[in-house]
1. Sort Leu171, Leu186, Leu249 by Cβ crowding within 10 Å, fewest neighbours at the top.
2. Can you give me the long-range amide H partners of Leu52? Hydrogens built in the peptide plane at 1.01 Å from N, cutoff under 5 Å, separation of 5 or more residues or another chain.
3. With viscosity set to 0.692 mPa s and temperature to 37 °C, compute the Stokes-Einstein D of the range 131-249, Rh being the Kirkwood radius across alpha carbon pairs; µm²/s, no decimals.
4. For Ser93 and Thr45, calculate 0.36 nm times their separation in residues minus their Cα-Cα distance, and state this gained length in nm to one decimal.
5. Among [x] 39; [y] 27; [z] 33, which one is percent of Cα pairs over 29 Å apart computed from these coordinates?
6. Using only Cα atoms, find the angle between the long axis of helix 217-226 and the longest principal axis of the chain, and express it within 0 to 90 degrees, rounded to the nearest 10.
7. How large is the dipole of the range 70-134 about the Cα centre if only Lys and Arg carry +1 and Asp and Glu carry -1, each at its Cβ, rounded to the nearest 20 debye?
8. Would you work out which of Pro155, Ala261, Ala172 lies farthest towards the positive end of the dipole of the chain? Charges go on Cβ: Lys and Arg +1, Asp and Glu -1.
Amino acid sequence: MSGGKSVPQYLLAGIAAGAVLIAALLLAGSWNALVDKVMFPSPHTGRRTGNLTLRSGAAELDAFWLPGRPGGPVILYSHGNGEILSGIHGLLSEYARRGYGVLGYDYAGYGGSTGKAGEEQACRDIDAAYAFLTRTKGIPPERITLVGFSIGCGPSCYAAEKYPVRAVVLLAPFASALQTVFPFPLPFDRFPNARRMSATRRPLLVFHGRKDRIIPFRNGEKVYAMAAGTPKKFIPLDDTGHNDLFPRLGETFWTELAAFARRSR
């Protein structure tokens, strides 16, 4: 290239850094889309089975609300990965039968809800559910307990860090998305649940099966260990996996929930 002006080294370095940044952003975007697809299989049926609709950004969420006894505790329930609202009507009704008000909802793209599921959208979804309870129904935050199962622990931990609530109950929680596979956090991770619970002092109750092969037991231990809230309690279940966690708990769940509600006043 004799006779021409050489490109300044700082300009070359800037171009190289820009190329690396663009590649990293593209990789992160592809990775995030892949993780969302794995975490949220979006079993969409197009059939609404709830008794109200919540607006979550551009999405309309199918939701089921049962008021419970006047002035009593209220559960904001976030269900598991492969579940939809129609499959948990019995559970939600059991909360109401035992005196709790309860709101359950389908994430965007699930069941009869419109939109597309993902981490950010799931956070918007629980934002909408919390707003319904506190603004539409006028329920004081100190009456609201967040309950999440499996993937539902993600939006529950997000809401626990963002909003005032009475307590948090997590069934088979994960420390973060990638820590269900690796025993440590990695770049581009999703749902930093353990970190979020370390940043809030909400009372915490955790249940986890020692033989959980979907969300390894170490995750529940880490969420609990890092949680800054008091009181807090961890209940391990021997010979219990992931999808049989709640059935194996049986009446123990309701007894522990009621006792914890009294302690976290």
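Readers should treat all values here as calculations from the given coordinates under stated rules, not as data from a laboratory. Here the structure is a predicted model, which is why all the values come from computation and not from measurement. Heads up, the Cβs are rebuilt from the backbone with ideal geometry, glycines too, and the neighbour counts pull from every protein chain shown.
1. Values: Leu171 25, Leu186 11, Leu249 19.
Least crowded to most crowded, the residues run Leu186, Leu249, Leu171.
2. Ala63, Trp65
3. The diffusion coefficient I find is 230 µm²/s.
4. Values: separation 48, 0.36 × 48 = 17.28 nm, distance 2.16 nm.
So the chain would gain 15.1 nm between Ser93 and Thr45.
5. Here the calculated entry is [z].
6. 90 degrees
7. Details: 4 positive and 7 negative charges, 47 e Å.
For this selection, approximately 220 debye.
8. It is Ala261, whose Cα lies furthest towards the positive end.
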